[in-house]
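Asks: Got a structure for you, written out below as structure tokens; questions coming shortly.
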Amino acid sequence: MTDKANLNIAAIVPAAGIGSRMQSDLPKQYLKINHKTVLEHTLDKLAQIKDINQISVAISPDDGFYNQLKINNVKISTVIGGSSRAISVLNALDNLKQNSNNKIDWVLVHDAARPLVSPDDINKLINTAIINQNGGILASKVKDTIKKSKNNRPLDLVLETVPRDALWQAMTPQIFKFEVLHKSLSDALAQNIEITDEASAMEWAGFEVMLVAGRSD
């Protein structure tokens, strides 16, 4: 089905992180930019996309910040996330499958801490996926010189310079057919596969993933 008017498209925003990498008492999605949290900016951006019918935000069971936000958009609801991004996304997929009135055709997953994504890029990703009937991710070509280390440890030595012509930096959103992502992610987690993003679950399950060029800024 390629007619967007007849498609049910959902979005998931995993936002259950606790800020461990930033070593901050406040999770990064709740830091403020221009009097609004990063998460609010991100949700505002997704809410602009007319093709997205519903947005599920996966929050920590111990989250004490979300309910303080002024989020009144009827598209947006919450679900309890898990100890990892992958578990949070799977929880949201489970919840959407159980509680949506209509079958969901496609789902986008977008990082809570990526508020600067371009709406034009999101629309391009959706259109490309639907036209080609194949999942894909926003990504940008690697511009920096990349070095591979010998032993993967601090104060290491260079093993080689990696050709960057075929290297891309994965970004979000990432869009896939709902049922296919649900099964791929569920199966991967059941087998204790390390999943760093939705594309890695799809790749593990044997599916091809399109790279859709997005703005690197």
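Asks: Can you give the local net charge around His182? Use residues other than it whose beta-carbon is closer than 15 angstrom to its beta-carbon, Lys and Arg +1, Asp and Glu -1. Mind dumping the intermediate values first?
Replies: Values: positive: Lys97, Lys103, Lys177, Lys183; negative: Asp94, Asp105, Glu179, Asp187, Glu198.
The answer is -1.
Asks: Right, something else. Please list, or write none, the aspartates and glutamates whose alpha carbon is within less than 12 Å of the alpha carbon of Lys148, excluding same-chain residues fewer than 8 places away.
Replies: Asp156, Glu160
Asks: Another question, then. What would the Debye formula give as log10 I(q)/I(0) at q = 0.11, 0.15, 0.21, 0.24 Å⁻¹ for the alpha-carbon point model of the range 96-183, no solvent?
Replies: -0.49, -0.75, -1.03, -1.17
Asks: Out of Ile49, Met202, Gln191, whose Cα points farthest toward the positive end of the dipole of the chain (charges: +1 Lys, Arg; -1 Asp, Glu; placed on Cβ)?
Replies: Ile49
Asks: Right, another one. Test of the criteria: in the range 109-211, which trypsin sites (Lys or Arg not before Pro) are in a DSSP loop and have at most 13 other Cβ atoms within 10 angstrom of their Cβ? Walk me through the intermediate numbers first.
Replies: Values: sites: Lys124, Lys141, Lys143, Lys147, Lys148, Lys150, Arg164, Lys177, Lys183; in loops: Lys143, Lys150, Arg164.
In loop regions of the range 109-211 (DSSP not H, G, I, E or B), the sparsely surrounded trypsin sites (Lys or Arg not before Pro) are Lys143, Lys150, Arg164.
Asks: Could you list, in their original order, any pairs among Lys70/Lys97; Lys45/Lys103; Lys97/Lys183 whose Cα atoms are separated by more than 21 Å?
Replies: Values: Lys70/Lys97 27 Å; Lys45/Lys103 24 Å; Lys97/Lys183 12 Å.
In this structure, Lys70/Lys97; Lys45/Lys103 exceed 21 Å between Cα atoms.
Asks: I need the Kirkwood Rh of the range 43-151: take the reciprocal of the average 1/r across all distinct C-alpha pairs and report it in angstrom. Intermediate values should be presented prior to the final figure.
Replies: Details: mean 1/r = 0.0618 Å⁻¹.
Value: 16.2 Å, from the Cα pair sum.
Asks: Oh, and also: If exposed GluC sites (Glu not before Pro) are those in a DSSP loop with at most 16 other Cβ within 10 Å, what is the longest stretch of the chain that has none?
Replies: On the way: sites that count: Glu194, Glu208.
Between exposed loop sites, the widest span is 1-193.
Asks: Okay, moving on. If you take all C-alpha pairs in the chain, what percent of them are over 25 Å apart? Each step should come with its number before you reach the end.
Replies: On the way: 9692 of 23436 pairs.
Counting pairs separated by more than 25 Å, the tail of P(r) holds 41 percent.
Asks: Rg to Rh ratio, the range 140-217, alpha-carbon atoms and Kirkwood radius? It would help to have the intermediate numbers written out before the result.
Replies: Values: Rg = 15.7 Å, Rh = 14.9 Å.
Here Rg/Rh amounts to 1.06.
Asks: I want the antiparallel fraction of DSSP beta bridges within the range 1-160, as a percent rounded to 5.
Replies: Values: 4 of 20 bridges.
Around 20 percent of the beta bridges assigned by DSSP in the range 1-160 are antiparallel ones.
Asks: Could you work out which residue, out of Gln191, Gln54, Gln29, moves most in a Gaussian network model of the chain, that is, has the largest mean-square fluctuation with Cα springs under 10 Å?
Replies: Gln191
Every number in this text was worked out from the coordinates using simple rules, so none of it is lab data. All of these numbers come straight from a predicted model, not from anything done at the bench. Neighbour counts run over all protein chains shown; Cβ positions are idealised from the backbone, glycine included.
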